[in-house]
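Each value in this text was obtained by applying a stated rule to the coordinates, not by laboratory testing. No experiment lies behind these values; they were computed from the predicted model shown. Cβ: placed from backbone, ideal geometry, glycine included. Neighbour counts: every protein chain shown.
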2 protein chains.
Amino acid sequence: MPKPEVLTPQAADFPQWYQDVLAKAELAETGPVRGTMVIRPYGYAMWEKMQAEMDARIKAAGVRNAYFPLFIPESYFRREAEHVEGFSPELAIVTHGGGKKLEEPVVVRPTSETVIDAFMAKWVQSYRDLPLLLNQWANVVRWEMRPRLFLRGTEFLWQEGHTAHATEQDAHRFALKVLNDIYADFMVEILAIPVVLGRKTQRERFAGATTTWTAEAMMRDGKALQMGTSHELGQGFAKAFGITFSDEEGRQSLCWQTSWGASTRLMGALVMAHGDDQGLRLPPRVAPVQVVVLAVRTQDGAGEAAAGIAESLRRAGHRVELDTRTDLSWGRRVVGWELRGAPVRLEVGPRDLAEGKVVLCRRDSNSKVPVALGQVDAEVARALEEAQSALLSEARRYLEDHTSSVASLEEAEEAAQTGFGVLAGSALAGDSGEATLNEAGVTIRALQRKDGSLPGTYEDLSDLVAVVARAY
Amino acid sequence: MPKPEVLTPQAADFPQWYQDVLAKAELAETGPVRGTMVIRPYGYAMWEKMQAEMDARIKAAGVRNAYFPLFIPESYFRREAEHVEGFSPELAIVTHGGGKKLEEPVVVRPTSETVIDAFMAKWVQSYRDLPLLLNQWANVVRWEMRPRLFLRGTEFLWQEGHTAHATEQDAHRFALKVLNDIYADFMVEILAIPVVLGRKTQRERFAGATTTWTAEAMMRDGKALQMGTSHELGQGFAKAFGITFSDEEGRQSLCWQTSWGASTRLMGALVMAHGDDQGLRLPPRVAPVQVVVLAVRTQDGAGEAAAGIAESLRRAGHRVELDTRTDLSWGRRVVGWELRGAPVRLEVGPRDLAEGKVVLCRRDSNSKVPVALGQVDAEVARALEEAQSALLSEARRYLEDHTSSVASLEEAEEAAQTGFGVLAGSALAGDSGEATLNEAGVTIRALQRKDGSLPGTYEDLSDLVAVVARAY
């Protein structure tokens, strides 16, 4: 019997499939103010796992968490010219507070360089205070005319790191450490999403940065999603806010800075990089429910057996949910857990129990195998490990299969209809080639060396390749 | 040699002492927009520990975390009459977004009943959906004319729980469960701060609540600080937002609700409930650094010994910092760690090492005892446990010593100059007695039964006592 179709198939309408999944798996809904979102408990539990994993990596890099105000004086915002130019069209402005018109309107932070730098200027005095490595978990606001849940929103949640260094080289090294050791490691090892790392073009870089480094991933419709960016800010903000230090000889110098962020956009990535026509497929390391134990019925010992299995798996350290909702139809329960992407499902029924077994179903491969009762703990542990690596392998294969070398702008546009194109930098003919691509809705996601490795900060376009795609 | 005085003594000027501690222990600073704050890394690390402990209790109560938008349409806010009346004077209003004047201004959330209830109305259909137990960790904004760091701010961080129930009794039970099992347990067991639990008077209750339950603590200047409140909302918001459910017989009914919050105000409580003239005294369970290992010098094996001790303590699961900053004066290092309130300090110097020992100093009692090298792990574990309970005992004693039974409004005002007064409810002569106290800067913090236990929701004032105090 074919399962009822709960989602628009990906092939029919990928954006509609995405909306369907978010709604039916109860991940998120749109909020009442345009572009805002409500993250529902199941979605928020995924985000909490992501936060914990990123936070551990952020702390391991020597960064300390802090919290800076939501409201920034408009005047702060105007101090760095490129920055204000980039963000002005997206700002939300508070003009009234406590029943009165404010003397100076305040900006609701779209990002926090300006306010954090004002404090770094106070805290950094000597070379001994450097590097100063800070991060905050916060909400930010960027007024969005074409919002999409998790991908582009008026308000989103993120972490934003802000650092100050004594030398350009140290800032450079740290920006790349963030890209590699925090972002790429988390995305590959936990989210099971392979990432294309590279440098942004001048057109695509962050407003106020000298260099932007990026991690890009491919969604299952062939489009790119920017997963996280790490910026070298040079000395522009340091100059605007007066972040200076005295070196060992007592000379005053401006700091070199970085900033870097990853957001609830990663929720969208997780959905679109692994999901299929049945719904989410969550990598076990980020799944709020790793194993669901379904009692086929509660009589005849199946209820007790299911509860015992769930308890044993919990003690083994897995995140387990016991589902005894036998008042719902079996099909609806199975479809529901497939939709929510629980990596392993154990079906516990009287007939199998009589034969001393249960059925283990893997969401990633849709495989179903009988498992002897004495082997459940071991087989579940193995299934979770295998599911984690299988999803990564599958996503890697998808990325490879949908990436092609191209030799001209026309071929690049063509390749971007189904995936990524890799174009020799020399074929771009500089900024005008990029502009041509942009007009066709195609952007340069990342510049890399020809072997796929990261280029230097100033390495010339003619020695590099450009990864081009349509993007979210 | 007397230690240099780094802080204004508490007895000289308690509010100035508080400001000094926040600045010198690097907990927080005021932000550029009036009433906003910057939480510095050491302070934020304390908040992260508090969050983790509260969050575990919130989840253990069956509540699920979610996230709702920062921006709330002004029209939502107007739907519950008492609520809008209570919060209107404190609202921050966004009038411009994306470079344009908004058609409908939006409110920056001061609390989230209105937006959360709009979604509960969609999600609650049947009795099977109840109770619906949600919480969010978020920033909120209440325009504040007389801000004080952590205590009253234009922006602060908090958790806000919002629940919907089928019956008034279930909502009542849950509001008290929050008060007892989440708030009081966390405050006593982790923060080592004893709390006075009770019901708020009508005057003091939350705007829109039928009953507010509170946990109040005494600071070391005898003033009260409201630590957390749990509100029964009756059916007012449910009616305003249409949160109805069909019961087992298919009849439609309005839900009964609760909401409850605790905020970064608890940071202020932690400082003022335990701190002394040398600075913070942190309970080990919430201290970012539980043990600091100070190498007196790095030569003669003291540096290696200190590092070894620190590593061993880390492996034992403690939060440890190794301090080898021998370029700073010894006095400055010791004073610095006293200021930051690290519960246990180990002084590791060549002379003691030669005798096979180190010195263990406890911050709570200022005790210093030699400890044999082989006993360090065991003695540190014991010292941390003892420090945790000693701080609670001391705070309990302080609360008892500064609480007195009073027989009239005059005596109540008098008692409130140095602590809490406990006044028979009958002596209040209803609302007019409360108004008289309020004019003298004294408020009723909590109504209790005469034996100190929680009163019923509707228990009459004449059967109760009122705990009165000056308050933050």
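Rounded to the nearest 10 degrees, the angle from helix A:14-24 to the longest Cα principal axis of chain A is 70 degrees.
What is the sum of charges around B:Arg340, taking Lys and Arg as +1, Asp and Glu as -1, for the other residues whose C-beta is under 12 Å from the C-beta of B:Arg340? It would help to have the intermediate numbers written out before the result.
Details: positive: B:Lys24, B:Arg40, B:Arg281, B:Arg333, B:Arg345, B:Arg363; negative: B:Glu26, B:Glu321, B:Asp323, B:Glu338.
That works out to +2.
Based on Cα contacts under 8 Å between residues 6+ apart, segment A:336-440 shows a relative contact order of 15 percent. Computed from backbone phi with θ = phi - 60° and the Karplus coefficients 6.51, -1.76 and 1.60, the 3J(HN,Hα) list for segment B:129-140 is 7, 10, x, 9, 10, 10, 9, 9, 9, 7, 9, 10 Hz; x is used for glycine and proline. Calculated from the alpha-carbon coordinates, segment A:317-429 shows an Rg and a Dmax of 21.6, 71 Å respectively.
Shown here is the pair-distance distribution of chain B: with all Cα-Cα distances grouped in 20 Å bins from zero up to the longest one, the shares run 22, 50, 24, 4, 0 percent.
Within straight-line reach of B:Lys357, meaning a Cα separation under 29 Å, sit the following lysines at least 8 residues removed in sequence or on another chain: B:Lys3, B:Lys368.
For segment B:320-397 versus segment A:196-263, the spacing of their alpha-carbon centroids is 42 Å.
The residues neighbouring B:Val406, those whose beta-carbon lies less than 11 Å from its own, together hold a net charge of -4 under the Lys/Arg +1, Asp/Glu -1 convention. Projected onto its three principal axes, the C-alpha set of segment B:1-87 covers 63, 34, 24 Å, listed from the longest axis down. Within the shell defined by Cβ-Cβ distances under 10 Å, the residues around A:Trp256 carry a net charge of -3, with Lys and Arg each +1 and Asp and Glu each -1.
Checking a compactness column here: for segment B:181-336, what do you get for Rg(Cα) / (2.2 N^0.38 Å), N being the number of residues? Numbers along the way, then the final one.
Values: Rg = 24.2 Å, N = 156, 2.2 N^0.38 = 15.0 Å.
The reported ratio for this selection is 1.61.
Each semi-axis of the equivalent ellipsoid for segment B:14-274 is √(5λ) with λ an eigenvalue of the Cα gyration tensor; in descending order they amount to 31, 23, 16 Å.
Helix A:265-274 and the longest principal axis of the Cα set of chain A meet at an angle near 40°.
Taking Cα pairs under 8 Å and at least six residues apart, what relative contact order does chain B come out at, in percent? Each step should come with its number before you reach the end.
Numbers: 971 pairs, mean separation 65.9, N = 472.
14 percent.
Between helix B:376-401 and chain B there is an angle of about 50 degrees, using the helix long axis and the longest principal axis of the Cα atoms.
For the pairs B:Lys24/B:Lys223; A:Lys223/B:Lys100; B:Lys122/B:Lys239; B:Lys24/B:Lys59; A:Lys49/A:Lys177; B:Lys200/B:Lys450, flag any whose C-alpha to C-alpha distance is greater than 25 Å. Each step should come with its number before you reach the end.
Details: B:Lys24/B:Lys223 23 Å; A:Lys223/B:Lys100 32 Å; B:Lys122/B:Lys239 13 Å; B:Lys24/B:Lys59 35 Å; A:Lys49/A:Lys177 22 Å; B:Lys200/B:Lys450 15 Å.
In this structure, A:Lys223/B:Lys100; B:Lys24/B:Lys59 exceed 25 Å between Cα atoms.
The alpha carbons of the protein assembly as shown occupy a box of 89, 83, 64 Å along the principal axes, longest dimension given first. Quick note on segment A:405-469: its Rg to Rh ratio, both from C-alpha atoms and Rh being the Kirkwood radius, is 0.94.
Hey, what's the per residue convex hull volume over the C-alpha atoms of segment A:97-154, in cubic angstrom?
Values: hull volume 8.5 nm³, N = 58.
In segment A:97-154, the Cα convex hull volume per residue is 147 Å³.
Inter-copy label distances at B:Asp431, shortest first and taken from points set 7 Å along Cα to Cβ: 7.0 nm.
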